[in-house]
Every structure is written in structure tokens, then in C-alpha cells.
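Colleague: Structure provided below as C-alpha cells; questions to follow.
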Amino acid sequence: MPGSVKHIIITLILYACTSAAIAQTGFFVPQQSRIYFFGNTSTIFSNVLNKGQIGINKGALVNFKGLQWENDPKSQITDE
């Protein structure tokens, strides 16, 4: 196999591997689900889409470092 064909095949394989390694872009809480933060500090570094329920305990601290936080009209954020 000529050298240039090997380089093209290797480039295509590497491109396929990098395009498949795409991470989720946000923090999603589905409908009828509950996320509860207990007594420690937590940080969310991505955007949030809340369609369920987020609960925060008395000793908990939640930092938000994302760009956008969106709540569905039926979602809930509760404390204690």
C-alpha cells in the first residue's frame, strides 16, 4: 500500500474517532425525576434544562457556572 494511501486511511480513522467523542452539552433533569443536593457544595459547569424537580438540603450550596438556566413551567425547585 503506498504511503499516501496509508496517511489518508489513518486520517479518516482519526477523524471518525474524534467526531464520535462528543460530550453532552448540558445538565438535564427529565420530567417526573428528582435531583437532590445534600449538605455539601456542588457546582454545575454547563447549561441547565429543568423539567423535573431539583431539591436543595439546608446545608447544601449549589453554584451555577453555565450560561443559561431554563425551567419548564411544570418544574420545581425546593429547599429543605
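The values are calculated or read from the model by the stated rules, or taken from the named source; none is laboratory data. Source: prediction; values computed, not measured. Cβ placement follows ideal geometry from the backbone for every residue including glycine, while neighbour counts extend to all protein chains displayed. In case anyone asks, the SASA skips ligands and DNA or RNA and just uses the protein heavy atoms, side chains included. Shrake-Rupley method; radii C 1.70, N 1.55, O 1.52, S 1.80 Å.
Colleague: Restricting attention to segment 42-80, report how many residues are outside any strand (DSSP E or B) and open to solvent by 90 Å² or more (accessible area, probe 1.4 Å).
Modeller: Residues that pass the stated criteria total 8.
Colleague: For segment 14-37, does any single residue satisfy the condition of being modelled with pLDDT of 70 or more, open to solvent by 60 Å² or more (accessible area, probe 1.4 Å), in contact with a Pro (Cβ under 7 Å, 6 or more places away or on another chain) and closer than 18 Å to residue 74 by Cβ?
Modeller: Among the residues of segment 14-37, not one is modelled with pLDDT of 70 or more, open to solvent by 60 Å² or more (accessible area, probe 1.4 Å), in contact with a Pro (Cβ under 7 Å, 6 or more places away or on another chain) and closer than 18 Å to residue 74 by Cβ, which makes the answer no.
Colleague: For segment 27-80, enumerate the residues that are out of contact with any Lys or Arg (no Cβ under 9 Å at 6 or more places or on another chain) and of a type in the set (Phe, Trp, Tyr).
Modeller: 27, 36, 37, 38, 64, 69
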